[in-house]
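Asks: Structure provided below as structure tokens; questions to follow.
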Amino acid sequence: MPEHPLGAPGVPLAAHSPFYVGFLGASGALLAIFLATQLQTVTSSLLLIVVSAFLAVGLSPAVTFLTRRGLGRGWAVLAVTLAVLGALALFLVTLVPVISDQVQRLTQNAPGWFDALLDNPRVQELNAEYEVVDKLRDYVANGDFASAAFGGVLGFGIAVLSALVNTFFIIVLTLYFLASLPSITESVYRLAPASRRQRVSLLGDRILANIGAYVSGAFVVATVAGVTSLVFLFAVGLGEYAVALAFTVALLDIIPMIGATLGAVLVSAIGFATDVRIGIACVVFYVIYQQVENYLVYPRVMSRSVDMPGALIVVAALLGAGLLGVVGALLAIPTAAAVLLLTREVFVRRQDAR
């Protein structure tokens, strides 16, 4: 064999040499860091996709209900979409003017409430030293607190535009997921081995059904909170702001566990600003109602919807809120229900078979 003009090749580098292992390890670490940083840049987009898919799965039972009664899926999706848009339009036409008028009254009456606070000697001392009440009163009376909260007029406009764009994308993605949900799930199920595909399909369909039931249950709980608050507010003497406050309570109550507390704090603060006795009544009412909702209404509705123990529902909601805030709290319970279902059907049954 003739000698190579540039010399004979050396012995290949051993696969277990320190240089080889270190180089591959460092390359893998750098790649992981790069992918993590890129994932952080698209976190907001991923959240929009997750929320849209969540809403689509939540609306899917209504589409299934219509298709089982002979309506084509395309027409069923169209009917559900028109119903949702019609409900939003009805809300905008009927409730938004009332809420806007009541919010305007709240803003107009806020300086008077701050003056009432100054009747307290302790509040007078704090205001004389820090001027907290005076600053808050000027802040609300000037009417620029909304723009300042978003970084000025330009920042407020950008925030509103961003919210509208995100809402548009969520609506479009929700409609797409809702129309193509069967084909999407079928494609995902085909990734499983043929011998286990039927079981994977059954488990996946159960998880999707639980998510749809959870959305319906959350709507029921929020409706109960809003209607109950509306009746109480009219009865206690806050009828001037009842619709706006009840809607706010219902909207916040969609957030598991913490939403009711936020709504109660808001209503109680306005109650105290109006009259001390009304404020005390609000505190007593919402303390009692929140206990009833947290330990009776919410666990009972959700246990029927997602088949989870009440304690696990509370823990899942708290952990989800701590990890991803409002979105995490909304997604925590159906995610925990899916994990619990898979644990029961896969791990526990495998352990029982041994």
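Asks: Give all pairs with beta carbons closer than 8 Å in which a residue from region 220-239 that is touching a residue at least 12 places away in the same chain (Cβ under 8 Å) meets a residue that is surrounded by fewer than 21 Cβ atoms within 10 Å (Cβ to Cβ) and among the aromatic types (F, W, Y); count only pairs at least 6 apart in sequence or on separate chains.
Replies: A225/Y289; G226/F247; T228/Y289; F232/F285; V236/F285
Asks: Let me ask another. Can you confirm whether A192 is surrounded by 20 or more Cβ atoms within 10 Å (Cβ to Cβ), at pLDDT 85 or above and among the small types (G, A, S)? Show your work before the answer.
Replies: Working: surrounded by 20 or more Cβ atoms within 10 Å (Cβ to Cβ): no; at pLDDT 85 or above: yes; among the small types (G, A, S): yes.
When the stated conditions are applied, A192 does not pass them.
Asks: Return the only residue of T261, T274, T248 being of a type in the set (S, T, N, Q), surrounded by 15 or more Cβ atoms within 10 Å (Cβ to Cβ) and under 21 Å from L312 (Cα atoms). Quick ask: steps written out before the conclusion?
Replies: Working: T274 fails: under 21 Å from L312 (Cα atoms); T248 fails: under 21 Å from L312 (Cα atoms).
After ruling out the rest, the residue left standing is T261.
Asks: How many residues are exposed (fewer than 12 other Cβ atoms within 10 Å of the Cβ) and farther than 27 Å from V51 by Cβ when one looks only at region 333-347?
Replies: 2
Asks: Out of the residues in region 26-73 that are of a type in the set (K, R) and outside any helix (DSSP H, G or I), which is farthest from V215 (Cα to Cα)? Working first, answer last.
Replies: Taking region 26-73 first, the residues of a type in the set (K, R) are 68-69, 73.
This time we only want the ones that are outside any helix (DSSP H, G or I), so: 68-69.
Values: R68: 20, R69: 22 Å.
By that ranking, first place goes to R69.
Asks: Still on this structure, please answer the following. Do you know which residues across region 304-316 are modelled with pLDDT under 75, in contact with a helix residue (DSSP H, G or I) (Cβ under 6 Å, 6 or more places away or on another chain) and in a helix (DSSP H, G or I)?
Replies: Quick first cut of region 304-316, residues modelled with pLDDT under 75 only: 304-311, 313-314.
With the extra rule that they be in contact with a helix residue (DSSP H, G or I) (Cβ under 6 Å, 6 or more places away or on another chain), the set shrinks to 305-306, 308, 310, 313.
Matches in region 304-316: S305, V306, G310, I313.
Asks: Considering every residue within region 206-216, establish whether at least one is out of contact with any Asp or Glu (no Cβ under 6 Å at 6 or more places or on another chain), of a type outside the set (G, A, S) and either free of Cβ contacts under 8 Å to residues at least 60 places away in the same chain or more than 30 Å from T343 (Cβ to Cβ) (or both).
Replies: Of all residues in region 206-216, those out of contact with any Asp or Glu (no Cβ under 6 Å at 6 or more places or on another chain) come to 206-216.
From what's left, of a type outside the set (G, A, S): 206-208, 210-211, 214-215.
This time we only want the ones that are either free of Cβ contacts under 8 Å to residues at least 60 places away in the same chain or more than 30 Å from T343 (Cβ to Cβ) (or both), so: none.
The answer is no; no qualifying residue exists.
Asks: A further question on this structure: Inside region 183-277, counting only helices (runs of 4 or more DSSP H) that do not spill past its ends, which hold 1 or more residues that are of a type in the set (F, W, Y), under 26 Å from the mean Cα position of the chain (by Cα) and closer than 23 Å to R344 by Cβ?
Replies: Ranges flagged: 197-236.
Asks: Which pairs turn up if I take residues in region 301-315 that are crowded, with 18+ Cβ neighbours inside 10 Å and look for partners that are at pLDDT below 70 and not hydrophobic (A, V, I, L, M, F, W, C) with beta carbon separation below 9 Å, at least 6 apart in sequence or on another chain?
Replies: Listed pairs, sorted by first residue: M302/G310; I313/S303.
The values are calculated or read from the model by the stated rules, or taken from the named source; none is laboratory data. Keep in mind it's a predicted model, so treat the numbers as computed, not measured. So basically every Cβ, Gly included, is an ideal-geometry build from the backbone, and we count neighbours across all protein chains shown.
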